[in-house]
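As structure tokens, the structure follows; a few thoughts come after it.
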Amino acid sequence: MTSMGKTRRMMSAGLVGAALALTLAAPARAGEAPTAATPDARSAAAAETRSAPTAHARPAPATETRSAPTPDARPAPTAETRSTPPTADRRHAPALGWRLTPTGTDARFRGLAAVDPRTAWAAGSKGTVLRTTDGGRSWRNVSPPGAEGLEFRDVEAFDARRAVVLAIGEGEASRVLRTEDGGATWTESFRNTDPRAFYDCMTFFDHRNGLAMSDPVDGKYRILSTRDGGRSWRVLPNAGMPDALPGEAGFAASGQCLVSAGPRDVWLATGGAAAARVLHSADRGLTWTATASPIPAGDPARGVFGLAFRDRAHGIAVGGDYRKDQPSPRATAVTSDAGRTWRAPAAPPPAYRSGVAWLPYGRTSALAVGPTGTDLTTDGGRTWRTVDTGSYDTVDCTPDGSCWASGEQGRVARLGPLRQGVSHMLPAASWRTS
């Protein structure tokens with residue numbers, strides 16, 4: 001791509017980011033009821049992660065999902081559905097928000113990988129993997145054959161053809177599969193044979209180097225490492241891993257309990273113990289330090305569920321208590337020193353949140369999602385405002401200006417304009433605050 005073409009693409013993505021920061025900052029519509037959602041699943045406690053999935057029909061075969069879904073599936077939207085309230089000032093800002101896309105399945109997608117404005121992957125229950133290459137207008141079912149009994153909770157995609165998915169569970173239920181042809185064929189590159197291990201999340205530093213994490217085995221978190229893009233894996237030595245707290249584990253809720261930034265830094269989120277901790281490694285998982293966060297803990301349903309770092313220093317943690325009847329008054333925390341210390345925000349989200357992502361082309365704006373809504377911060381996580389009440393489990397944004405979210409009942413949405421006739425968009429520089 002020429003430098004001029006690259007510049008134009010960056011300017012276009014910057015305009016999207018500018019409009020997003022401007023319009024999502026508008027208050028949510030008064031009186032709008034939250035979308036109902038099932039409780040989120042913790043890898044060590046929630047029944048849905050430990051028991052076998054309910055058997056019912058797989059999603060449609062590997063064809064574009066423009067037609068009606070299978071009889072057992074919840075009807076997919078036939079058009080992009082508006083789920084975000086209009087902005088307060090229609091004259092000056094486009095109504096950007098989550099636009100539901102027709103997936104044709106009722107699987108729950110906790111794994112999400114945004115590649116670019118046209119390409120995204122989603123992985124979820126019943127062994128379901130979907131891929132779009134047209135911005136979500138259609139999704140192709142590229143699920144691995146025979147994977148109906150697997151629970152995919154994380155997907156890491158390098159482009160439209162190469163992706164790695166993680167299935168969670170005890171013993172052999174935890175597996176890693178890889179495709180190099182857009183999901184036409186899959187290769188199983190790891191199957192856990194230790195009944196004590198339960199893998200939750202994975203992350204990649206680049207196209208070759210990545211890690212996956214398991215709940216504690218013999219009192220310490222277990223870390224898998226790959227140096228060939230997920231084709232092969234090995235268990236790292238645990239001499240540099242701190243001891244796990246009694247009852248501590250990870251949450252396989254959004255594919256964000258293990259995240260990386262840069263070539264060597266990686267963070268691991270925990271819960272279920274007396275303290276909700278974040279572990280940090282600066283050498284690709286060989287040695288770790290642990291720090292307590294202000295997010296509530298002390299119960300198997302509480303802790304840090306998701307992390308996002310915009311660079312190696314600045315990060316956001318989200319979580320709380322996933323049970324619908326329990327409050328989560330301190331559902332987020334922020335750090336500016338790579339996780340050595342964490343601070344509670346002045347105005348946190350009003351409820352449990354499982355996924356979080358920094359917005360593209362900005363240094364202080366981020367989105368947090370959960371079963372009861374989406375929240376926006378424009379000051380680096382110090383204050384949050386609810387901007388949508390739809391149910392989502394995870395969110396992912398790309399550097400070139402696209403954001404996606406996914407969750408229960410086949411929900412996958414892309415952030416974009418909800419109406420035509422936009423007459424004014426601020427330049428990207430106007431919403432960069434640092």
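In the context of the full set of protein chains, residues of region 264-369 present 32 Å² of accessible surface per residue (probe radius 1.4 Å, heavy atoms only). Working from label points 7 Å from Cα in the Cα-to-Cβ sense, the L286 to D134 distance is 4.8 nm. With both residues required to sit in region 231-312, DSSP beta bridges show an antiparallel share near 95%. Close amide-amide hydrogen proximity is noted between F190 and V176, each under 5 Å apart and 5 or more residues distant or on a separate chain (H modeled in the peptide plane; Pro and chain starts excluded). Only protein atoms count toward the accessible area here, which uses a 1.4 Å probe; on region 172-226, the carbon and sulfur part of that area reaches 43 percent.
Segment D206..R363, full-extension length gain: 54.4 nm, with 0.36 nm per residue of separation and the alpha-carbon distance subtracted.
Sorting 126-138, 243-255 by their mean Cβ neighbour count within 10 Å, with the most densely packed peptide first, gives 243-255, 126-138. Using a Förster radius of 25 Å, what is the FRET efficiency between A274 and Q326 based on their Cβ-Cβ separation? Nearest 0.05, please. For A274 and Q326, the calculated efficiency is 0.90.
Computed from label points 7 Å out along Cα-Cβ, the spacing between T187 and S336 is 4.6 nm.
Relative protection proxy for 113-121, 377-385, 187-195, from highest mean packing down: 113-121, 377-385, 187-195 (other beta-carbon atoms within 10 angstrom).
Can you pull the Rg over Rh of region 215-359, Cα-only, Kirkwood? With Rg and the Kirkwood Rh in hand, the quotient comes to 0.96. Scoring 410-416, 288-294 by mean Cβ neighbours within 10 Å over their residues and listing the highest first yields 410-416, 288-294.
3J(HN,Hα) couplings calculated from phi for region 251-257 with the Karplus curve 6.51 cos²θ - 1.76 cosθ + 1.60 (θ = phi - 60°) are, in sequence order, 10, 8, 9, 8, x, 10, 7 Hz; Gly and Pro show x.
The values are calculated or read from the model by the stated rules, or taken from the named source; none is laboratory data. Remember, it's a predicted structure, so these values are computed and weren't measured experimentally. Don't worry about glycine lacking a Cβ; one is built from the backbone with ideal geometry, like all the others, and counts go over all protein chains shown. Ligands, DNA and RNA are stripped out before the accessible areas are found, and what is left, the full protein with its side chains, is counted by its heavy atoms. Shrake-Rupley method; radii C 1.70, N 1.55, O 1.52, S 1.80 Å.
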